[in-house]
Amino acid sequence: MKKQIYFFAAVLISALLASSLYAQEAYNLSYKFTNGKTYLYRNATNSNMTQEVMGREMKIKYDANDVLRFVVNKISSNGDARLIFSLDSADVKTSMMGRDTTLDVSFLLGKKVKATISPLGETKDLIEIDSVSSSNNFVSLSQEVNRFFARLAGKEVKTGDTWNNSIIDTIKNFGGAVVDTTDYVYTLEGKIDTLGHSCVKIPFTSNLKMEGKGNMQGMELFINGTGKASGTIYFDAEKGLLIYSEANMDNNITMATSGAQSMIIPITQSLKATQTLIEQ
């Protein structure tokens, strides 16, 4: 009799487990923008960088906070959204060799960038409506826009499913360009309440590679680097809206110069970034 009970219990538990597996909720995740609506996000970036120049170590701390605004200008029949981006506010502070500096980034406020974003978060085109002097390219609104939206799967996903995506940035600066390629792996972990929203939780990892060159004060610069990142995205699947994201990144970069004062400058960087929807 006991054997029959154990057998029945085992069968019942197996059936319940199988039922729970098949009952997993499936999602076709997509961004769902409302035509004419304005969205605001608070972005924060904290970076600690160490570089070694001619045997001397230099530490640099960088803290940036901004409020990014985008207005939905048009939604096409295929769901592509034309968005107009601008910064409502921006604050950038650096600390180096015991000296704290607040950078003037007021030239960026109100400058507009137009982008077409697909329902999966892909940037289809990116146009600077208001140009910024090349001398101020150390801050790029276009680059922030290109990486703002996480790339969604483009297929039905359930808990435990993964998908991949790559983003390529070309950063023009110092009379040259650096190509930044990041390969992402996303995983759907499940549902969780976040900042008053029912969200799906999407952890991710990424590998970064950068390569390029430039010119500064007559010296050629050659840049190579790699990095790794991990983080989590909280996405309201019903509303099709990013609610919150956080990421941590570690980079190792080598900058080499040519000419009479040729040198190799190793750079390590740790960075933390967050995005938070501002409810209106």
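The values are calculated or read from the model by the stated rules, or taken from the named source; none is laboratory data. What you see is a predicted model, and the numbers here were worked out from it, not measured in a lab. Heads up, the Cβs are rebuilt from the backbone with ideal geometry, glycines too, and the neighbour counts pull from every protein chain shown. These area figures cover heavy atoms from the full protein model, side chains too; ligands, DNA and RNA do not enter into them. Shrake-Rupley method; radii C 1.70, N 1.55, O 1.52, S 1.80 Å.
Structural remarks
- Per-region count, segment 147-166, residues part of a strand (DSSP E or B) and crowded, with 17+ Cβ neighbours inside 10 Å: 3
- Restricting attention to segment 243-263 and to residues that are assigned to a strand (DSSP E or B) and touching an Asp or Glu at 6+ places or on another chain (Cβ under 8 Å), the residue that is surrounded by the fewest Cβ atoms within 10 Å (Cβ to Cβ) turns out to be THR257.
- Close Cβ contacts (under 8 Å, 6 or more residues apart or on different chains) running from residues in segment 222-234 that are at pLDDT 95 or above to residues that are of a type in the set (A, V, I, L, M) and open to solvent by less than 10 Å² (accessible area, probe 1.4 Å) comprise THR232/ILE202; ILE233/ILE202; ILE233/LEU242; TYR234/VAL200; TYR234/ILE202; TYR234/LEU242; TYR234/ILE243.
- Candidate set from segment 55-75 (those that are over 18 Å from GLU144 (Cβ atoms) and open to solvent by 70 Å² or more (accessible area, probe 1.4 Å)); member that is nearest to the chain's Cα centre (by Cα): LYS61
- In segment 1-54, of all residues being open to solvent by 60 Å² or more (accessible area, probe 1.4 Å) and under 30 Å from GLN269 (Cβ atoms), the one that is modelled with the lowest pLDDT corresponds to MET54.
- Scanning segment 240-280 for residues that are in contact (Cβ under 8 Å) with a residue 60 or more places away in the chain and closer than 16 Å to TYR41 by Cα returns GLY240, LEU241, LEU242, SER245, ALA273, THR274, GLN275, THR276, LEU277, ILE278, GLU279, GLN280.
- Within segment 264-280, the set of residues being touching a Ser or Thr at 6+ places or on another chain (Cβ under 9 Å), aliphatic (A, V, I, L, M) and surrounded by 13 or more Cβ atoms within 10 Å (Cβ to Cβ) comprises ILE265, ILE267, LEU271, ALA273.
- Residue in segment 218-238 that is more than 19 Å from VAL157 (Cβ to Cβ), of a type in the set (Val, Ile, Thr) and part of a strand (DSSP E or B) present: yes
- Selection within segment 172-202 - open to solvent by 30 Å² or more (accessible area, probe 1.4 Å), part of a strand (DSSP E or B) and either touching a Leu at 6+ places or on another chain (Cβ under 7 Å) or under 30 Å from ASN28 (Cα atoms) (or both): THR181, ASP183, TYR184, VAL185, THR187, LYS191, ILE192, ASP193, SER198, LYS201
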